[in-house]
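Here is the structure we will look at.
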Amino acid sequence: MAPRRRLLAMGWIHLGPPGVALYYSQYPFTHDPERETIILLGPAAWDCSFFRPQFDDPVLIKNYNLVTIDHHYNGRSRVPISDGPYDPHEVVADLIIGIEKLGITKAHVWGASLGATLAMHMAAMKPDLVKSLILVGCYSPSESPDTLDVVREMRDENLNSGEISTDIIATLINRFLGAWADARVVNEVTKSFERQFNGEGRWKTALSKQWSQIIDRKPLTPAENAKITMPVVIIAGEADLAYPPESSTPVLCNLLKATKPETHVIKDAPHFLSSTHARQVTDIAVEFIQRASRKA
């Protein structure tokens, strides 16, 4: 049985301009300077609750400061919504401000799905902040033409109707969870998608951002990849229908300056394996973090 958690710190990190704030959760309630810190960045259209398994994990809560943040257009964070395409540099710039406002100067960064892309951008933009990278369920650097056609069709239907249909939700759940989509997870994912993708007016612009982070995604440049010199581990799901393990091969090949990058593939795991295979993912991550800390 996992030890009982103490109280989490939860709230908004105010970035400066009135009304602009990122929502976060942190454990322990007060940052412990004697512990190393893990920052967890989740997938699109989900909030801090995605990392509930990690915040319940006895090894992690005993040994590390855990911080997860709702990045732009996700969860309860409040940020201006521009008309342009999704810009990971803009998103990560605000994440860095928020992390620094929490008093964190160095951390292991654990990114899942879109969060893995943001983690790599963070390592390129602020390498002194990132001690190591744990990339779980990496996106491929860019999408195939067939995938883009399907995603554009779902986007157009979503934006025209102002709500996300049950068919689109079923498609996304199958893509990201596959055979691991039990009733509890389906209910949780459905509620998350409905919160993020339903709405009119201002929210339509936010919806465009959610779809844009797939449609308009660009790979990191060679100059950006060259700044990623810290240890990197990629953890992939063998049964990932969205981004199979081979999708991460070009990501790994581009990290020419990273310290001994490594890859692990978890049998039968889907794209959202931080949630469905939390024990296996966390064991790999903790062992990797311990090794990365010894090298530092």
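The values are calculated or read from the model by the stated rules, or taken from the named source; none is laboratory data. Source: prediction; values computed, not measured. Virtual Cβ from ideal backbone geometry, glycine too; neighbours counted across all protein chains shown. Just the protein is used for accessible areas: all its heavy atoms, side chains included, with ligands, DNA and RNA removed. Shrake-Rupley method; radii C 1.70, N 1.55, O 1.52, S 1.80 Å.
Worth a mention:
- Taken one residue at a time, the phi angles of the range 90-107 give Karplus couplings (6.51, -1.76, 1.60, θ = phi - 60°) of 5, 4, 5, 4, 6, 4, 5, 4, x, 4, 5, 5, 7, x, 8, 10, 7, 7 Hz. Gly and Pro are set to x.
- Less than 5 angstrom separates the built amide H of Glu36 from those of Asn65, all sequence-distant by 5 or more or on a different chain.
- For the range 241-296, the square roots a ≥ b ≥ c of the C-alpha gyration tensor eigenvalues yield an a/c of 1.5 or more together with a/b not exceeding b/c, which makes the shape oblate.
- Within straight-line cross-link reach of Lys191, lysines at Cα separation under 16 Å, skipping those fewer than 8 residues along the same chain: none
- FRET efficiency for Leu148 and Glu34, using Cβ-Cβ distance with R0 set to 35 Å, rounded to 0.05: 0.15
- Subset of Lys101/Lys257; Lys227/Lys260; Lys101/Lys126; Lys101/Lys227 violating a 19 Å alpha-carbon distance limit: Lys101/Lys257; Lys101/Lys227
- Sulfur and carbon atoms: percent of accessible area, the chain [1.4 Å]: 54
- All lysines inside 16 Å of Lys218 as judged from Cα atoms, apart from same-chain residues fewer than 8 positions distant: Lys209
- For the range 1-126, the Cβ-based charge dipole about the Cα centre amounts to some 440 debye (Lys, Arg positive; Asp, Glu negative; other atoms uncharged).
- Based on alpha carbons, the Rg and Dmax found for the range 129-281 are 16.8, 48 Å.
- The chain: Rg to Rh, with Rh as the Kirkwood radius over Cα pairs: 0.93
- Exposed-site-free run, longest, the chain (rule: GluC sites (Glu not before Pro); DSSP loop; at most 10 other C-beta within 10 Å): 35-199
- Cut-off under 5 Å, modelled amide H: who pairs with Ile13 long-range: Leu22, Tyr23, Tyr24
- Projecting the Cα atoms of Gly162, Asn174, Val185 onto the charge dipole of the range 154-193, computed from C-beta unit charges around the Cα centre, puts Val185 farthest toward the positive end.
- Couplings for the range 239-254, taken from phi via the Karplus curve 6.51 cos²θ - 1.76 cosθ + 1.60 with θ = phi - 60°, read 9, 6, 7, 7, 9, x, x, 5, 5, 7, 4, x, 4, 5, 5, 7 Hz in order; Gly and Pro are left as x.
- Over all pairs of different C-alpha atoms, the range 1-148 has a mean inverse distance whose reciprocal, the Kirkwood radius, equals 15.7 Å.
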